[in-house]
Amino acid sequence: MKPSTAFLRRPIERLTQSCADYPQELLRIAAHVPGFDAPAELQYVGTIPEFPPTAPCVAIVGARACSLHGRQLAGRLGAGLAAAGVVVISGAARGIDQAAMQGALDAGGTVVAVLGSGLRRPYPPDAFGMLEQIAAQGGAAISEFPASMHPLRHHFPKRNRLLAAFCQAIVVVEAGARSGSMNTVRWGLDLGRELAAVPGLACAPYTAGPHRMLREGAALVESPADVLTLLGFEHQVEADGSLGSLPKTEHASAPILRVLAGLDLPFDELLVQTRMEAAELQAALGELELLGIVQRREGGAYHRCTSP
């Protein structure tokens with residue numbers, strides 16, 4: 001089936017190092033971190049995030065050839081972090097990357113994709129629809145390569161340094177001991193990012209990378225709440241602290257967060273826009289207020305915060 005071309009029809013914006021909006025942090029990193037070169041030009045489709053970020057940003061990366069469990073967990077991590085106001089960043093590769101990004105999108109979150117190819121030849125082709133959704137929801141697809149550039153093997157290690165630069169923490173779900181994900185982790189070490197890994201089955205090839213990280217001191221992650229702890233934000237977990245301990249109104253909160261993206265609304269208007277029952281909406285709003293994700297302002301309108 002031919003992929004959707006809606007993304008390809010979106011305009012490409014360009015930022016050179018002389019532009020006022022060029023991420024100055026990239027230039028600072030290049031001046032202080034050996035081997036890190038700031039791109040001469042960044043091209044993007046959508047809305048490039050503020051840098052340094054005003055909202056917490058987490059990179060979720062992992063294996064293309066992942067397990068079903070890993071894919072499901074990556075989706076839950078992406079959804080839970082997005083519901084808490086975290087920007088999810090990844091590389092749009094099949095497997096863990098796409099699962100985390102789609103989970104964040106389904107929760108109404110903001111997602112950034114950093115590509116190893118030009119924006120007119122995004123790779124892989126099955127990510128076209130997801131990239132269009134990213135741009136439509138206020139996120140961005142970013143590349144340092146010319147728009148028509150095909151994906152080449154040496155592009156992806158270069159891409160990984162930008163993944164590390166744009167985030168505050170890197171979470172590895174499944175990865176081999178020698179993989180692109182571990183290359184991103186090495187950049188994270190050089191840049192002083194928080195590092196976290198999800199434990200998996202002993203001796204499975206796709207858990208060698210995370211287990212090595214854990215042995216060397218990375219934070220152990222089993223749920224979105226663990227990542228929020230790493231970032232220093234308050235959170236809510238289930239009484240038993242079990243895997244995937246998300247706010248109980250996570251799924252109900254998704255339409256609320258989508259409706260409140262850039263718009264403050266009173267309760268009655270939220271009822272109309274979300275099509276939720278009054279009791280369900282009230283419970284979800286109460287949960288989001290406790291988490292600091294939504295605030296009720298003077299006059300009664302609800303406002304979506306930019307960070308937990």
Only one of Gly95, Gly129, Gly70, Gly118 is touching a residue at least 12 places away in the same chain (Cβ under 8 Å) and either within 14 Å of the chain's Cα centre (by Cα) or surrounded by 23 or more Cβ atoms within 10 Å (Cβ to Cβ) (or both), namely Gly70
Matching residues, the stretch 100-115, being crowded, with 24+ Cβ neighbours inside 10 Å and either over 25 Å from Val198 (Cα atoms) or of a type outside the set (A, V, I, L, M, F, W, C) (or both) = Gly103, Gly109, Thr110
Which of the residues belonging to the stretch 258-278 are small (Gly, Ala, Ser) and modelled with pLDDT of 85 or more?
-> Ala278
Filtered residues of the stretch 15-44 (kept if surrounded by fewer than 17 Cβ atoms within 10 Å (Cβ to Cβ) and hydroxyl-bearing (Ser, Thr, Tyr)) = Thr16, Ser18
So Phe166 clears everything in (1) more than 13 Å from the chain's Cα centre (by Cα); (2) crowded, with 16+ Cβ neighbours inside 10 Å except one condition, right? Which one?
-> (1)
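Restricting to the stretch 59-77, name every residue that is in contact with a Ser or Thr (Cβ under 8 Å, 6 or more places away or on another chain) and not aliphatic (A, V, I, L, M). Give the derivation first.
First, pick out the residues of the stretch 59-77 that are in contact with a Ser or Thr (Cβ under 8 Å, 6 or more places away or on another chain): 59-63, 76-77.
Matches in the stretch 59-77: Gly62, Arg76.
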Filter result for Gly108 (more than 18 Å from Ile48 (Cβ to Cβ), modelled with pLDDT under 95 and assigned to a helix (DSSP H, G or I)) = no
Go through the stretch 203-227 residue by residue and tally those that are of a type in the set (D, E, K, R), touching a residue at least 24 places away in the same chain (Cβ under 8 Å) and either in contact with a helix residue (DSSP H, G or I) (Cβ under 7 Å, 6 or more places away or on another chain) or not in a helix (DSSP H, G or I) (or both).
-> 1
Of the numbered conditions (1) crowded, with 20+ Cβ neighbours inside 10 Å; (2) at pLDDT below 85, Pro255 fails exactly one; give the number of that condition.
-> (1)
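Is it fair to say Gly192 is under 15 Å from the mean Cα position of the chain (by Cα), surrounded by fewer than 22 Cβ atoms within 10 Å (Cβ to Cβ) and on the phi > 0 side of the Ramachandran plot?
Working: under 15 Å from the mean Cα position of the chain (by Cα): no; surrounded by fewer than 22 Cβ atoms within 10 Å (Cβ to Cβ): yes; on the phi > 0 side of the Ramachandran plot: yes.
The answer is no for Gly192.
The values are calculated or read from the model by the stated rules, or taken from the named source; none is laboratory data. Everything numeric in this text was worked out from a predicted model, so none of it was measured. Ideal geometry is used to build each Cβ from the backbone, glycine not excepted, and the neighbour counts take in all protein chains shown.
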